[in-house]
């Protein structure tokens, strides 16, 4: 199987948490060792319930813990033929008492259970800028 060197960037414009904006980068070579998956013929290699459990733990690293974060959506994204990732979207409810508007945060998860960490916008070490992501 041919794995391209193309970089696929996930940019969630407006994804800001605690004043920090984030984006994501996933390259085909990042998932080359992950299990092959054909969604037309088999369940995902990482069970959905397990992916949600991992996502709920991972989100604690990036968000305020006093809010209740709920899973709002699960998507799968194909990075390379047969190589997929979970896109878990979590959100909060509007809180009138605390005057908080709903928030959203995304966790990307490889099929081997590894979390793909979001990258802070304009992070000098990563040389990635959210506004450049496709």
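The table below gives the values:
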| read-out | value |
| --- | --- |
| Set 15, 46: member being modelled with pLDDT of 80 or more, surrounded by 13 or more Cβ atoms within 10 Å (Cβ to Cβ) and not in a helix (DSSP H, G or I) | 46 |
| Subset of the stretch 78-96 that is in contact (Cβ under 8 Å) with a residue 60 or more places away in the chain and part of a strand (DSSP E or B) - its residue that is farthest from residue 31 (Cα to Cα) | 87 |
| Identity of the residue in the stretch 84-134, at pLDDT 85 or above and touching a helix residue (DSSP H, G or I) at 6+ places or on another chain (Cβ under 7 Å), that ends up farthest from residue 22 (Cα to Cα) | 113 |
| Flag for residue 57 being exposed (fewer than 15 other Cβ atoms within 10 Å of the Cβ) and part of a loop (DSSP other than H, G, I, E, B) | no |
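The values are calculated or read from the model by the stated rules, or taken from the named source; none is laboratory data. These numbers come from a predicted model, not from an experiment. When we count neighbours, we look across all protein chains shown, and the Cβ atoms used for this are built from the backbone with ideal geometry, even at glycine.
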